[in-house]
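The numbers here are math on the coordinates, done by the rules we state, and not lab data. Only a predicted model underlies this, so the values are computations on that prediction, with no experimental measurement involved. Every residue, glycine among them, receives a Cβ derived from its backbone with ideal geometry; neighbour counts consider all protein chains shown.
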Amino acid sequence: MTDSQQRHQIGRMRFDTRRRTLTVVSVTHLTPKMLRVVLTSPELADFDSRGADDHIKLFFPGPNGEPLMRDYTPRAFSREERTLTLDFALHDAGPATAWAMAAKVGDTLEVGGPRGSMIVPDDFDWYLLIADETGLPAIGRRLEELRAGVPVITVVAVDSAAEAQAIETKAQWTAHWVTRDSAGANDADTLRRVVEGLTLPPGDGYVWIAAEATVAKALRGHVVDTLKHLPQWMRASGYWLRGEAGAHENL
């Protein structure tokens, strides 16, 4: 086993899952189309989430009384303060968006999980994070957790410059906010053009991709086939699938 293989051991943890009922304590617009909701409950005393791109299930009432489930990233949580932060990209008219837009202090939300965490060690020489708005909560969390001075490049597709976020990080962060054109061109082409123009730092890097499923798949192919990046040092996920509600796929 090489030194790099010994260093960059990506691990997984499994957790016992259960549902928790949380109460809204604050609702804030980060940008015109990104809403932050902070929730609290004594039941968060044993909540655990170790990975920046973990997912929990949110449960919303469905039209026939059966719950509708959606996957969301815990943007932040504090076991001491018993709080969980969720960021909602207001990009569709689904149950999660509808709930978030109507949310007010005192409302409740039922959540489940996470089932586990994929833990990426902070020992890579650089990080490249590519996403649309749905991946921003995970990107924000990873930026806040990375060690001081490590180079990290983000390439994020957004509707307008107003959607760029200010995120505190100790890392050496280079941000590329890619505004979609008026014709709504495919995010895969929009993001790939920026990635093709990047000069990546030397050494071993970790690449993370999250977007619409077909976009994430195309970008993964570009990173592996064209950039010759090692597949074991990357993760690509379809956070949503155009035309299919609630879809989520690891590629």
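In the elastic network of the chain, a GNM with C-alpha springs shorter than 10 Å, the most mobile of Thr28, Thr73, Thr154 is Thr28. Per-residue ellipticity at 222 nm from helix content only, as computed over the chain with -39500 (n - 2.57) for each DSSP H run of at least four residues, stands at -4500 deg cm²/dmol.
3J(HN,Hα) couplings calculated from phi for the stretch 228-234 with the Karplus curve 6.51 cos²θ - 1.76 cosθ + 1.60 (θ = phi - 60°) are, in sequence order, 6, 7, 5, x, 6, 10, 7 Hz; Gly and Pro show x. Taking the empirical scaling 2.2 N^0.38 Å for compact globular proteins as reference, the stretch 120-250 has a Cα radius of gyration ratio of 1.00.
Loop-only GluC sites (Glu not before Pro) in the stretch 1-95, please: DSSP not H, G, I, E or B, and at most 11 other Cβ atoms within 10 Å. Walk me through the intermediate numbers first.
Values: sites: Glu43, Glu80, Glu81; in loops: Glu80, Glu81.
Answer by residue number: Glu80, Glu81.
Farthest toward the positive end of the dipole of the stretch 12-117, out of Thr97, Leu58, Tyr72, is the Cα of Tyr72, where the dipole comes from beta carbon charges about the Cα centre. If you run the Gaussian network model on the chain, springs between alpha carbon atoms under 10 Å, then out of Arg18, Arg220, Arg147 the most flexible one is Arg18. Across every direction, the projection of the convex hull enclosing the Cα atoms of the chain has a mean area of 14.1 nm². The three principal axes of the C-alpha atoms in the stretch 12-117 carry coordinate ranges of 33, 31, 25 Å, sorted with the longest axis first.
If you place +1 on the Cβ of every Lys and Arg, -1 on the Cβ of every Asp and Glu, and leave all else neutral, what size is the dipole of the chain about its Cα centre, to the nearest 20 Debye?
Details: 28 positive and 34 negative charges, 58 e Å.
It comes to approximately 280 debye.
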